[in-house]
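First the structure, in the form of structure tokens, and then the observations on it.
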Amino acid sequence: MYACMYAESGEVWVWGYGILGLGPKVNQCPIPQRIPPTLLGQNELQPDTKVVQIQAGMSHLAAVTNKGDLFMWGHNRGGLLGLGHDKDQYFPLRVAVGAPVKKVTLGIDHTMALCRDPI
């Protein structure tokens, strides 16, 4: 089990056991650790990008940015991360959704995203 939270600044923190988004060698963390903002879309060209929603499923996590980007990581049974393959994802990875994401929700073995009209 793991837990996650985000601050108003957009920083994301994870802790617990499992795929936390901190790499393949980190499978447990007893205290909260910050995921580098660059892994969630913030960079020199988009310094104002920040996470505005985070969700945790049984074995996967999702984050939505203020730009409408969806980032997923964790166990990828049956391709539930939406990445086009079924390999586990050890770092947050942007999902090509095709429209800006407003909200995301995760279940035991599924992911659902509510998107804005892309027009």
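The values are calculated or read from the model by the stated rules, or taken from the named source; none is laboratory data. All of these numbers come straight from a predicted model, not from anything done at the bench. Every residue, glycine as well, gets a Cβ built from its backbone with ideal geometry; the counts of neighbours run over all protein chains shown.
Quick one: in the range 1-59, of everything that is touching a residue at least 24 places away in the same chain (Cβ under 8 Å) and of a type in the set (Ser, Thr, Tyr), which residue is nearest to residue 106 (Cα to Cα)? That would be 59.
Of the residues screened, residue 22 is not one that is in a strand (DSSP E or B) and in contact with a strand residue (DSSP E or B) (Cβ under 7 Å, 6 or more places away or on another chain). Candidates in the range 101-119 are the residues that are out of contact with any Cys (no Cβ under 9 Å at 6 or more places or on another chain) and of a type in the set (A, V, I, L, M); of these, the one that is surrounded by the most Cβ atoms within 10 Å (Cβ to Cβ) is 104.
Return a yes/no flag: does the range 47-62 have any residue that is farther than 23 Å from residue 112 by Cα, at pLDDT 90 or above and out of contact with any helix residue (DSSP H, G or I) (no Cβ under 8 Å at 6 or more places or on another chain). So far as the range 47-62 goes, yes, one or more of its residues are farther than 23 Å from residue 112 by Cα, at pLDDT 90 or above and out of contact with any helix residue (DSSP H, G or I) (no Cβ under 8 Å at 6 or more places or on another chain).
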